[in-house]
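Step one of this worksheet: look at the structure below.
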Amino acid sequence: MSNVRLCLHKLAKNPYYIEEIRLSIYSIEELCFYLCKNPELLKEDIMDENLSTFIETELGLEELGKELRGILDKRGSLTEFVGAILKGAFYLNDREWNQIQNMLGQSPYMEYGLREKRKGDFLLESQKYTLAIEQYSSILQEAEERVDGQLYGDILHNMGVAYAQTFDFPKAEEKFRQAYEANGSLESLHHYLTVLRLISTKEEYEEFVENNGVDRETANFIGEKYGKCVEDYEKSDVKKRLGEIKEKKEKGNFTEYFGEMNELLEEWKEQYRKSMKKS
């Protein structure tokens, strides 16, 4: 499936809310994207009369809404219901639909922990970091005995990613460390060392590497990665903008300085708010 989709149909004034992943749907394209993104997560509860009504009234797709209601009346299958939506919106070609069908067929057999992790992954990819952390935490608290070591570590790893995205680096460090202990993944080790390097001085980091048996190749890799991040920041628009703002202060243009600094802070606050939104 292609990465860019144009919204060619009507946008809803009142969205359809998918409680399970706290997602508000405003268009048929958004609905199709959700259905295609993780078809193995779909269960028969998506076959909802309210969804048919939403499609018919809010999105103005009367024929599709009636078709879905007919599938519900005859107690049709999940594949038939999802297929009607995707085909009715002309969202997929035949090859793509065959791929979705295969994944829908696997859905009932997916193990509990993996299914619940996929929900968290969807929230993480949607930049709903707080909700992703809540989802991952729920799996580990309620079903730890039902999650194997590899999957357990992968969940912890993704929690670390979510914490890092909210700038909670101490918690990110903890989760990456726990992930590596559980799954032995080189990726988790790299993430752990990277965050450790971010929150430690160079001397503290080197001391940790020396005392914990981290091989020199790995340590050098992280050092190069950290250096590249610093280099990229030095070349970034953010660095340039901060430099221009600082220059106004040094020249005594305090009104412009405070005005532009407040504007930049508001932009960062808004980005942070979006990442923390519950829906």
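The values are calculated or read from the model by the stated rules, or taken from the named source; none is laboratory data. Just so it is clear, the structure is predicted and the values come from calculations on it, not from any experiment. Please note: Cβ atoms are built from the backbone with ideal geometry, for glycine as well, and neighbour counts cover all protein chains shown. Side chains are part of the model used for accessible areas, which takes the heavy atoms of the whole protein and leaves out ligands, DNA and RNA. Shrake-Rupley method; radii C 1.70, N 1.55, O 1.52, S 1.80 Å.
For the stretch 45-182, with all protein chains present and a 1.4 Å probe, just round the carbon and sulfur fraction of the accessible area to a whole percent.
45
Using mean Cβ contacts within 10 Å as the protection proxy, how do 217-226, 117-126 order, highest first?
Packing order, densest peptide first, comes out as 117-126, 217-226.
Does the stretch 126-209 classify as rounded, prolate or oblate by the C-alpha gyration tensor (a ≥ b ≥ c root eigenvalues; a/c under 1.5 gives rounded; else a/b over b/c gives prolate, otherwise oblate)?
Here the stretch 126-209 falls in the oblate category.
What is the stretch 20-97 by shape, rounded, prolate or oblate, if you read a ≥ b ≥ c off the alpha carbon gyration tensor as root eigenvalues and call it rounded for a/c under 1.5, prolate for a/b larger than b/c, and oblate otherwise?
rounded
Consider just the alpha-carbon atoms of the stretch 151-279 and return their Rg together with their Dmax, both in angstrom.
When restricted to the Cα atoms of the stretch 151-279, Rg and Dmax are 18.4, 56 Å.
When only Cα pairs under 8 Å and 6 or more residues apart are kept, what is the percent relative contact order across the chain?
Rounded, it is 14 percent for the chain.
Suppose all protein chains stay in the model; what accessible area per residue would a 1.4 Å probe give for the chain, in Å²?
59
Once you list every other residue whose beta carbon is under 11 Å from the beta carbon of Asp45, what net charge do they have if Lys and Arg are +1 and Asp and Glu are -1?
Taking every other residue near Asp45 into account, the sum is -3.
State the label only: which of (1) 23.2, 70; (2) 17.3, 53; (3) 23.6, 75 corresponds to Rg and Dmax of the Cα atoms in Å computed from the shown model?
It is the value labelled (3).
Suppose only helical runs count, i.e. DSSP H with n ≥ 4. What mean residue ellipticity at 222 nm does that imply for the chain under -39500 (n - 2.57) per run, divided by all residues and rounded to the nearest 500 deg cm²/dmol?
The helix contribution divided over the chain gives -22000 deg cm²/dmol.
Would you mind working out the magnitude of the charge dipole of the chain relative to its Cα centre, with +1 at each Lys and Arg C-beta and -1 at each Asp and Glu C-beta, to the nearest 20 Debye?
In total the dipole reaches around 680 debye.
Sorted by average packing, counted as other Cβ atoms within 10 angstrom per residue and highest first, what order do 18-25, 231-238, 198-205 take?
So the order, starting with the most tightly packed, is 18-25, 198-205, 231-238.
Taking the highest mean first, how do the peptides 246-258, 34-46, 170-182, 72-84 order by number of other beta carbon atoms within 10 angstrom per residue?
Order by mean packing, descending: 170-182, 34-46, 72-84, 246-258.
Accessible surface of Met159 in the full protein assembly, 1.4 angstrom probe, to the nearest 10 Å²?
10
So for the chain, taking the charge dipole from beta-carbon charges (+1 Lys/Arg, -1 Asp/Glu), which of Gly160, Leu124, Phe54 sits furthest toward the positive end?
Phe54
In nm, to one decimal, how far is the Gln101 label point from the Ser137 one, both placed 7 Å along Cα→Cβ?
Output for this residue pair reads 4.3 nm.
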